[in-house]
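Rule-based calculations on the coordinates, nothing more; no lab input. These figures come from a predicted structure and were not determined experimentally. Note that we place each Cβ from the backbone using ideal geometry, even for glycine, and neighbour counts take in every protein chain shown.
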Amino acid sequence: MPKGGFVGDEKTAVAIAVAVWNPIYGENEISTQKPYTATLLSDNTWHVCGTLPVDRLGGVANAVIAKRDGKILSVWHTQ
């Protein structure tokens, strides 16, 4: 086990989230939600979400990923 866990940085958390979102919501939809943000929460999980384009109504994809092992804890889309 790496000292900082398998998901030690924002870039890795985003890559995992996008890999999970693409088959669920479609690669075209997910690509419109760039930039993606990843925030490390106090319980050592990453909250990753897309950004809603200024000219669109709707929601964005979200994921919660464990820093330690990369386990996907939750996936949802706000809308």
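May I ask you to verify whether Val75 is on the phi < 0 side of the Ramachandran plot, out of contact with any Cys (no Cβ under 7 Å at 6 or more places or on another chain) and surrounded by 13 or more Cβ atoms within 10 Å (Cβ to Cβ)?
Yes, satisfied.
Inside segment 32-65, can you point out the residues that are surrounded by fewer than 17 Cβ atoms within 10 Å (Cβ to Cβ) and under 16 Å from Gly8 (Cα atoms)?
Hits for segment 32-65 are Thr37, Thr39, Leu40, Leu41, Ser42, Asp43, Asn44.
Would you confirm, using the coordinates I've provided, whether Gly59 is of a type outside the set (Asp, Glu) and touching a His at 6+ places or on another chain (Cβ under 7 Å)?
When the stated conditions are applied, Gly59 passes them.
Being over 12 Å from the mean Cα position of the chain (by Cα), surrounded by fewer than 14 Cβ atoms within 10 Å (Cβ to Cβ) and closer than 20 Å to Gly59 by Cα is the filter here, so list the residues in segment 1-31 that pass it.
Pro23, Ile24, Gly26, Glu27, Asn28, Ser31
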